[in-house]
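Report on the following structure.
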Amino acid sequence: MNSVHRILVALAGSGLMILTFSVALAQDAGKEAPAAGQALENIENAVPAQNNNGEEPAAASGGSLWLTFRQGGFLMWPILLLGILGLTIVIERSIFYVRSRIWDGRALERYMDEIVANSNAHFREELEDEIEAGMRSFFNRAEKGLGLLNGVGNLAPILGFFGTVQGMIAAFASIASATTVNAKVVAVGIQIALITTAGGLSVAVPTLAFFHFFIHLMQNLNSKGDELLARKIAHLPRFSEGRENGQ
């Protein structure tokens, strides 16, 4: 399975999970549509301190996941896209690592053996340079996409915090325009403002967890590669030794 096939499989897996998630959201939203409409109406009206009957407004309900997503505002969509991108990279890299059994170093050793078999080097330094060049190519393939995965994990919470700042600005603007302020007015605004932070962290935590796990695999593989390199070149003389012998 080449890289294109792995990416397609990863995208299909991500799409299937997102489709399942979307169906669950749609069913949830259909069941709680009246409550969602009332909650959104309260939010868009800046949550006044008292309604026409003189009663205090209720806090925003978090019963519907789709309602909660919509309350987070437009920044929830780029956070969702980052989540899909991160999930795609995780699935693609997992397929690659499992197929190559990269954790035991056998793929790297086979790659080195091929380089040694095709090498015409007479000295240790020459073979070392050839193997290191091949190792760089191997590690470039093994680490493909990890930088982007790290970027997704770091960018998602930043977008979440940005949405929180925007929500807090709107909440305090509503408080400033209200004639009477109570705890519920403040709580509803802050609750909605923190939704984007929760969304960003829900993407960042698993993404960074997988990223650091993959980096751990690469570090172990790099250490294994150094050990294999020392063994593969040990049978050849050094260049300085060859000069002393007149070779």
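Overview of values
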item: Counted residues, the range 129-145 - those being part of a helix (DSSP H, G or I) and surrounded by 17 or more Cβ atoms within 10 Å (Cβ to Cβ); result: 6
item: Test set (1) at pLDDT 90 or above; (2) more than 20 Å from the chain's Cα centre (by Cα) - Leu149 fails condition number; result: (2)
item: Residue within the range 116-126 that is among the β-branched types (Val, Ile, Thr) and buried (at least 20 other Cβ atoms within 10 Å of the Cβ) present; result: no
item: Failed item, numbered, when Lys184 is tested on (1) within 30 Å of Thr68 (Cα to Cα); (2) at pLDDT 90 or above; result: (2)
item: Helices (runs of 4 or more DSSP H) enclosed by the range 32-111 - at least 2 residues per element that are modelled with pLDDT of 80 or more and out of contact with any Leu (no Cβ under 6 Å at 6 or more places or on another chain); result: 65-71, 76-100
item: Residue count, the range 192-220 (criterion: at pLDDT below 90 and either among the hydroxyl-bearing types (Ser, Thr, Tyr) or farther than 30 Å from Met168 by Cα (or both)); result: 0
item: Some residue of the range 161-170 being under 17 Å from the mean Cα position of the chain (by Cα) and either loosely packed, with under 13 Cβ neighbours inside 10 Å or modelled with pLDDT of 90 or more (or both); result: yes
item: Some residue of the range 173-183 being assigned to a helix (DSSP H, G or I), loosely packed, with under 15 Cβ neighbours inside 10 Å, in contact (Cβ under 8 Å) with a residue 60 or more places away in the chain and not hydroxyl-bearing (Ser, Thr, Tyr); result: yes
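The values are calculated or read from the model by the stated rules, or taken from the named source; none is laboratory data. No experiment lies behind these values; they were computed from the predicted model shown. Note: ideal-geometry Cβ built from the backbone for every residue, glycine included; neighbour counts use all protein chains shown.
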